[in-house]
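The values are calculated or read from the model by the stated rules, or taken from the named source; none is laboratory data. If you're wondering where the values come from, they're calculated on a predicted model, not measured in any experiment. Positions of Cβ are generated from backbone atoms using ideal geometry, with glycine treated the same way; all protein chains shown enter the neighbour counts. Quick note on the areas: whole protein, heavy atoms, side chains included, nothing else; ligands and nucleic acids left out. Shrake-Rupley method; radii C 1.70, N 1.55, O 1.52, S 1.80 Å.
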Amino acid sequence: MSNVSEQDTALVLFSGGQDSATCLAWALSRFRRVETLGFHYGQRHAIELDCRAALLAGVGTIRTDWREKLGENHTLDIPTLGTISETALTRDVAIEMVEGGLPNTFVPGRNLVFLTFAAALAYRRGIRHIVGGMCETDYSGYPDCRNDTIKALEVALNLGMDRQFELHTPLMWRDKAATWALAHELGGDALVNLIREQSHTCYLGERGSKHAWGYGCGECPACRLRAKGWYEYEATRRDQS
Ligand code: ZN
C-alpha cells in the first residue's frame, strides 16, 4: 500500500493489554494503514508482549480490511526503564500495590517516554498519527495519563521534531466497562471474545486462571479493575436485550 500517505497511517502503542487491543481496533476502523509498537524493558511479566502476536493474528480474522491495513509490528528495547523501576528494590522498599492500581515499581513518567519513542519512530517512518490507551477515568492517580499531559506532550513533540503529529487517546474518558462497549461497537462479539481470550492485564503476569473477563490472578488492582468493568459491561448488555 505504498500509495497510502502519512496522513492516513497510524502507529498504535500496543502492549497486548485490553486497552491497547481496543485502541488497535479503533485505529483499524479509522486509518488506511496501521503499524504497532511494543516496548520491552525487562518487565517481570513478558506475557503481555507474547499476547501481541495472538491479538494481531486474531484481529486480522475479524475483518478482511483490518488484515489488509495491518502493517509492521515494531518492538523497542528500553532496558533503562527496567533499571529505574528496580529502584524500589535496591532502596529496600517492599513491592506493594499503591492506591490507584499500580505497583510502586512503576516508573514515573513512563508514558512520556513511550510516546516520545513512538514519535521518534513515527518520524522515521513518516507516520502522522499516534494512538495510545491512556485513560484519565480509571487511572486518575497517574499524572502521565492525564489529557492535559498528553496535549502538552503533543505540543512539545511537534515543536521538538518539527512535525504535525496527532496523539489520539480514544479511551481517555472511558471507564473499563465503556472500553468493552467500544470493542463491541468496533468488532462485535468476535472482537470482545478475542480481547477476553488473548489480551493480558494482570500485574503479576498470572495466566493460569480463566475468569469471565479473561485470564489473571483476579486479585491485583489491574485484574480487579478489568473484572469490575467486565461485569458492568455485561449488566448493561443484559439491560439492553
Ligand atoms: Zn492480576
For LEU167, state whether it is more than 15 Å from the ligand (Cβ to nearest atom), under 27 Å from ALA10 (Cα atoms) and assigned to a strand (DSSP E or B).
yes
Taking the stated definitions as given, is ALA178 away from the ligand (no atom under 14 Å from the Cβ), open to solvent by less than 60 Å² (accessible area, probe 1.4 Å) and over 20 Å from the mean Cα position of the chain (by Cα)?
no
One residue from ASP162, ASP144 being open to solvent by less than 30 Å² (accessible area, probe 1.4 Å) and of a type in the set (Asp, Glu)
ASP144
Pull up the range 204-241, narrow it to residues that are hydroxyl-bearing (Ser, Thr, Tyr) and open to solvent by 40 Å² or more (accessible area, probe 1.4 Å), then point me to the one that is modelled with the lowest pLDDT.
SER241
Could you please give the count of residues in the range 206-221 that are assigned to a loop (DSSP other than H, G, I, E, B) and on the phi > 0 side of the Ramachandran plot?
2
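The rows are residues; the columns are (1) away from the ligand (no atom under 11 Å from the Cβ); (2) more than 19 Å from PHE14 (Cβ to Cβ); (3) not in a strand (DSSP E or B).
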site	(1), (2), (3)
VAL192	yes, no, yes
ILE195	yes, no, yes
HIS200	no, no, yes
LEU204	no, yes, yes
ARG224	no, yes, yes
TRP230	yes, yes, yes
ASP239	yes, yes, yes
From GLY216, GLY208, grab the single residue that is within 16 Å of the ligand (Cβ to nearest atom) and either in contact (Cβ under 8 Å) with a residue 12 or more places away in the chain or in contact with a Leu (Cβ under 8 Å, 6 or more places away or on another chain) (or both).
GLY216
